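Below is one structure, written out as structure tokens; comments come after it.
The values are calculated or read from the model by the stated rules, or taken from the named source; none is laboratory data. No experiment lies behind these values; they were computed from the predicted model shown. Here Cβ is always computed from backbone atoms with ideal geometry, including for glycine, and neighbour counts include all displayed protein chains. Protein only, heavy atoms only, side chains kept; ligands, DNA and RNA dropped before computing areas. Shrake-Rupley method; radii C 1.70, N 1.55, O 1.52, S 1.80 Å.
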Amino acid sequence: MIKEIETRRSIRKYNNKPVESEKITEILESGRLAPSGNNTQPWRYIVVKSEKMRQKVMEASHNQKWMLTAPVFIVCVADVRCRIKEDIDVYLDDNSPQDEVKRIIRDTSISAGYMFLQANNSGLGACWVAEFTQEEIRPVLNIPSDKYVVGVITIGYPDETPKARPRKNLEDIVHYECW
């Protein structure tokens with residue numbers, strides 16, 4: 001597994017080869033199998049393939065035009081209803097104070113990380129996009145206000161080979177027993 005982690009790169013340029021449905025299913029399955037607090041599995045995914053919808057998601061993501069080179073987007077959505085069971089109105093945005101929101105974001109992010117590794121393992125490239133507000137992206141995909149869009153993963157066959165970016169040494173980031 002360390003090879004997948006070492007070779008994974010953020011890809012921002014894709015060739016026009018379509019991504020096989022089986023590979024998308026494997027990526028989604030990898031995300032589905034991720035761990036979550038109390039096994040709540042808050043993640044929901046929206047697979048976006050049409051040019052029209054990818055255009056709208058790109059525009060909501062502050063017009064990052066490179067995104068359109070990717071033939072597939074997976075929008076990662078966290079569903080707070082796995083933690084808030086009461087039938088009450090909940091509106092989530094970037095300033096929501098509920099602890100449950102932080103938990104569903106963390107869990108959905110773990111799920112996304114699994115999908116990145118599976119994409120890399122399948123010979124695909126992927127990139128994390130999170131430059132949007134809830135108010136910008138939710139209406140594009142008809143996402144209810146009690147759901148939180150954590151990120152968009154662009155997926156496709158890479159048309160670039162970025163070099164590894166520098167990483168800090170373990171001794172600079174690891175503490176044992178206490179800070």
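Tabulated values for the structure
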| quantity | calculated |
| --- | --- |
| Cα radius of gyration and Dmax for the range 71-123 (Å) | 14.0, 44 |
| Full-extension gain in nm, LYS13 to MET53, via 0.36 nm per residue minus C-alpha separation | 12.5 nm |
| Candidates PRO97, PRO166, PRO71, ranked by Gaussian network fluctuation over the chain, Cα under 10 Å, top entry | PRO166 |
| At 1.002 mPa s and 20 °C, Stokes D of the chain from Kirkwood alpha-carbon radius, µm² per second | 124 |
| Placed amide H near ASP159: partners under 5 Å, 5+ positions off or other chain | LYS13, TYR14, ASN15 |
| Placed amide H near LYS147: partners under 5 Å, 5+ positions off or other chain | LEU92 |
| GluC sites (Glu not before Pro) lying in DSSP loop within the range 61-138, provided at most 16 other Cβ fall within 10 Å | GLU86, GLU131 |
| Rounded FRET efficiency, nearest 0.05, which uses the C-beta distance separating MET1 from ARG165 and R0 of 22 Å | 0.65 |
| Count, lysine Cα pairs under 17 Å in the chain, 8 or more residues apart or across chains | 12 |
| In sequence order, calculated HN-Hα J values of the range 36-50 (Karplus, 6.51, -1.76, 1.60; Hz; x Gly/Pro) | 8, x, 6, 6, 6, 6, x, 6, 9, 10, 10, 8, 10, 10, 5 |
| Cβ-based net charge around PRO144, under 14 Å, with every Lys or Arg adding one and every Asp or Glu removing one | -2 |
| Loop chymotrypsin sites (Phe, Trp or Tyr not before Pro), the range 23-131, which have at most 16 other Cβ atoms in a 10 Å radius of their Cβ (DSSP) | TYR91 |
| Solvent accessible area, Å² - ARG81, 1.4 Å probe, full protein context | 60 |
| Fluctuation leader among ILE104, ILE88, ILE143 - the chain, Gaussian network, Cα springs under 10 angstrom | ILE88 |
| Cα-Cα P(r), the range 121-179, percent of pairs per 5 Å interval | 4, 12, 14, 13, 12, 14, 16, 11, 5, 0 |
| Sum of side-chain charges, TRP128 neighbourhood, beta-carbon under 14 Å (Lys, Arg +1; Asp, Glu -1) | +3 |
| Mean accessible surface per residue for the range 103-179, computed with a 1.4 Å probe while every protein chain stays in place, in Å² | 59 |
| Viscosity 0.890 mPa s, 25 °C: Kirkwood-radius Stokes-Einstein D of the range 5-83 over Cα pairs, µm²/s | 170 |
